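So the structure is just underneath, and the comments pick up after that.
The values are calculated or read from the model by the stated rules, or taken from the named source; none is laboratory data. Values in this document were obtained by computation on a predicted structure and should not be read as measured data. Glycine also receives a Cβ, built like all others from the backbone with ideal geometry; neighbour counts cover every protein chain displayed. To get the accessible areas, we keep the full protein, side chains included, count just its heavy atoms, and leave off ligands, DNA and RNA. Shrake-Rupley method; radii C 1.70, N 1.55, O 1.52, S 1.80 Å.
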Amino acid sequence: MVGLRQLYRRADDWARGLSRLRYALFTGVVVVASVLAVGVVLGTSTTVYAFSMGVTMTVIYYVTDPNSTDDD
């Protein structure tokens with residue numbers, strides 16, 4: 001369990017170190033891959049839905065910048 005926790009922390013530190021644009025793009029790619037994987041498991045065609053979700057999440061994460069450390 002300790003190894004898994006360390007792996008999570010390393011991945012989290014890596015993701016937080018990404019620029020705003022790269023973080024948003026990374027999130028979009030993860031969303032597309034996840035939705036496509038669920039579609040394959042369920043046996044449905046989710047290609048358009050996956051890419052629209054990916055683009056939407058990329059825009060939302062870019063605009064809101066969840067890694068911002070500003071307390072304003």
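When Val40, Val29, Val48, Val35 are checked against the criterion of being open to solvent by 60 Å² or more (accessible area, probe 1.4 Å) and under 14 Å from the mean Cα position of the chain (by Cα), Val29 stands alone in meeting it. Cβ-Cβ contacts under 7 Å between residues 6 or more apart (or on different chains), taken from a first residue in segment 1-29 that is within 27 Å of Ala50 (Cα to Cα) to a second residue that is assigned to a helix (DSSP H, G or I) and polar (S, T, N, Q), are listed as Ala24/Thr58; Leu25/Thr58; Thr27/Thr58; Gly28/Thr58.
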